[in-house]
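J.: Have a look at this one.
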Amino acid sequence: MSVFILLLALAIWGVVHSFLASHLAKDLFRLRTGSMDFYRLAYNLFAGVSFLPIMYLMATLPDQPVYQIPVPWSYFMLGGQAFAGLMLMIAFLQTDSLSFVGLRQLFEKEKTGALVTRGLYRVVRHPLYTFGLLFIWLSSSVSQNSLTVYIGATLYTLIGAYFEERKLLRDFGEAYAEYKRKTPMLIPGLAFGKK
């Protein structure tokens, strides 16, 4: 039952999160308020706060262990998580971090950002997704509930990446199409991720 509840909660969160990221939701918001100044910041805050109930469910629903990696191997996984966390921070800083969070829009008119293809974005198109997934999957202790959330988050990330790619093609046209042909989506060196 815990698995079903967690998957349902993730699905609801994913649908709401995806809708709020869509052009339709943004256009509706712009029509109602006449401004997009604080939309991105509010979106990010809502995404974080609305994920807390899933974390609560993961911690409180009946659970059982799936696997526990023993010492010293768990140290390697912890090191991998530290590496993934560092790469997440680097990838974040290689974007327009203030716009990504939604703070720049409070002081400047919102505009389409530049296509980032340098640094980690030269290796994969979505390094935030790559290292976010690497971080969760390098957990050395996994329970039924955490595994359910990891699988749900992975599926959501893959589906979200597909739709984000479509949006980026609309926003950047041939520049993104060329970048997409040369750079894998999530896994460095994987030709399958290039289109």
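The values are calculated or read from the model by the stated rules, or taken from the named source; none is laboratory data. Fair warning: this is a prediction, and the values are worked out from it, not measured in the lab. When we count neighbours, we look across all protein chains shown, and the Cβ atoms used for this are built from the backbone with ideal geometry, even at glycine.
J.: Looking at (1) in contact with an Asp or Glu (Cβ under 8 Å, 6 or more places away or on another chain); (2) of a type in the set (A, V, I, L, M, F, W, C); (3) within 21 Å of Lys167 (Cα to Cα), which one does Leu106 not meet, given that it meets all the others?
T.: Of everything listed in (1) in contact with an Asp or Glu (Cβ under 8 Å, 6 or more places away or on another chain); (2) of a type in the set (A, V, I, L, M, F, W, C); (3) within 21 Å of Lys167 (Cα to Cα), Leu106 misses just condition (3).
J.: Any chance you could count how many residues in the stretch 166-193 are within 28 Å of Val15 (Cβ to Cβ) and surrounded by fewer than 17 Cβ atoms within 10 Å (Cβ to Cβ)?
T.: So the count comes out to 7.
J.: Within the stretch 77-128, how many residues turn out to be small (Gly, Ala, Ser), surrounded by 18 or more Cβ atoms within 10 Å (Cβ to Cβ) and modelled with pLDDT under 90?
T.: Counting residues in the stretch 77-128 that are small (Gly, Ala, Ser), surrounded by 18 or more Cβ atoms within 10 Å (Cβ to Cβ) and modelled with pLDDT under 90 gives 1.
J.: Moving on to the next point. Quick test of your reading of the structure: Val66 fulfils all but one of (1) at pLDDT below 95; (2) under 19 Å from Ile136 (Cα atoms). Name the failing condition by number.
T.: Answer for Val66: the failing condition is (1).
J.: Now a separate question. How many of the residues making up the stretch 62-75 are free of Cβ contacts under 8 Å to residues at least 40 places away in the same chain and either under 25 Å from the mean Cα position of the chain (by Cα) or part of a helix (DSSP H, G or I) (or both)?
T.: Residues that pass the stated criteria total 1.
J.: Condition (residue is within 30 Å of Val3 (Cβ to Cβ), of a type in the set (Ser, Thr, Tyr), assigned to a helix (DSSP H, G or I) and in contact (Cβ under 8 Å) with a residue 60 or more places away in the chain) applied to the stretch 44-61: is it met by at least one residue?
T.: No, every residue in the stretch 44-61 fails to be within 30 Å of Val3 (Cβ to Cβ), of a type in the set (Ser, Thr, Tyr), assigned to a helix (DSSP H, G or I) and in contact (Cβ under 8 Å) with a residue 60 or more places away in the chain.
J.: Do we find a residue being within 17 Å of Leu147 (Cα to Cα) and touching a residue at least 40 places away in the same chain (Cβ under 8 Å) anywhere in the stretch 96-114?
T.: The answer is no; no qualifying residue exists.
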